[in-house]
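As structure tokens, the structure follows; a few thoughts come after it.
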Amino acid sequence: AQSVTQLGSHVSVSEGALVLLRCNYSSSVPPYLFWYVQYPNQGLQLLLKYTSAATLVKGINDFEAEFKKSETSFHLTKPSAHMSDAAEYFCAVSGKAGGTSYGKLTFGQGTILTVHP
Amino acid sequence: DAGVTQSPTHLIKTRGQQVTLRCSPKSGHDTVSWYQQALGQGPQFIFQYYEEEERQRGNFPDRFSGHQFPNYSSELNVNALLLGDSALYLCASRRQGYENTEAFFGQGTRLTVV
């Protein structure tokens, strides 16, 4: 079974500081990996995805994540935080095409990012 | 493009009642999944529909059922509501195919069971 662990339920940074949100996954084979953002009372918006192409993935709003198979990690980073980045972030995993869990997203518990002026 | 639309946005039901939530997928998408997001938790996969059939199911009881229509829209039905069913219910759609792994989410339906 696949699972995702997000380290740190709350992360607080100053505006302009580096953002680092941690995600580790458990899967018998390298999966597809995703980061989603959720603003209050809204649905989920995809930030970026890893589907076994380049290990460094660039997403929207200057977010990026690096797939590290040896560490089973997919941490999300942004060089400089903006006030508008304050939201909840979810890491998710799904199986690859042809597998039983393809298309089914398994989410972590989420990390709430607070940005201070 | 209207994206994924869900209705209603908010709903209050009494314990023991039944509820139906609706979802229209993004244009061009043919696969619909439903997720339950309890307060302070990540979304949990309920089930997925493709070609009007349930293709995958998460760890949810039979009180949770669904349907997909020929126009790809979908319904989620929950019978015998419990207080613990209070949550945000999210619909996600995607286009079936090897490369099309990205799911687009709707705004969700906030269900409160009292």
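The values are calculated or read from the model by the stated rules, or taken from the named source; none is laboratory data. These numbers come from a predicted model, not from an experiment. For neighbour counting, all protein chains shown are included, and Cβ atoms are generated from backbone atoms with ideal geometry for every residue, glycine included.
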Notebook entry, point to check: Which number in (1) touching a Gly at 6+ places or on another chain (Cβ under 6 Å); (2) part of a strand (DSSP E or B) marks the one condition that B:N77 misses?
Noted result: (1)
Check: Where in region A:67-117 are the strands (runs of 3 or more DSSP E), entirely inside, with at least 2 residues that are within 14 Å of chain B (Cβ to nearest Cβ) and at pLDDT 95 or above?
Finding: A:87-94, A:111-116
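Yes/no matrix, rows are residues, columns are (1) surrounded by fewer than 13 Cβ atoms within 10 Å (Cβ to Cβ); (2) within 15 Å of B:C91 (Cα to Cα); (3) under 16 Å from the mean Cα position of the chain (by Cα); (4) facing chain A (nearest Cβ under 9 Å):
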residue	(1), (2), (3), (4)
B:A2	yes, yes, no, no
B:Q18	yes, no, yes, no
B:D30	no, yes, yes, no
B:Q37	no, yes, yes, yes
B:P43	no, yes, yes, yes
Note to self: Please verify whether B:Y49 is more than 10 Å from chain A (Cβ to nearest Cβ), surrounded by 21 or more Cβ atoms within 10 Å (Cβ to Cβ) and outside any loop (DSSP other than H, G, I, E, B), treating the condition exactly as stated.
What the structure shows: yes
Margin query: Regarding region B:79-93, can at least one residue be identified that is in contact with a strand residue (DSSP E or B) (Cβ under 9 Å, 6 or more places away or on another chain), modelled with pLDDT under 95 and at the interface with chain A (Cβ under 9 Å from one of its Cβ atoms)?
Written below: no
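The rows are residues; the columns are (1) on the phi < 0 side of the Ramachandran plot; (2) touching a residue at least 12 places away in the same chain (Cβ under 8 Å); (3) not polar (S, T, N, Q).
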{"residue": "A:L18", "(1), (2), (3)": "yes, yes, yes"}
{"residue": "A:F34", "(1), (2), (3)": "yes, yes, yes"}
{"residue": "A:N41", "(1), (2), (3)": "no, no, no"}
{"residue": "A:T51", "(1), (2), (3)": "yes, yes, no"}
Checklist line | Subset of region B:65-78 (residues that are over 12 Å from B:C23 (Cβ atoms) and either within 14 Å of chain A (Cβ to nearest Cβ) or free of Cβ contacts under 8 Å to residues at least 24 places away in the same chain (or both)) | finding: B:S65, B:P70
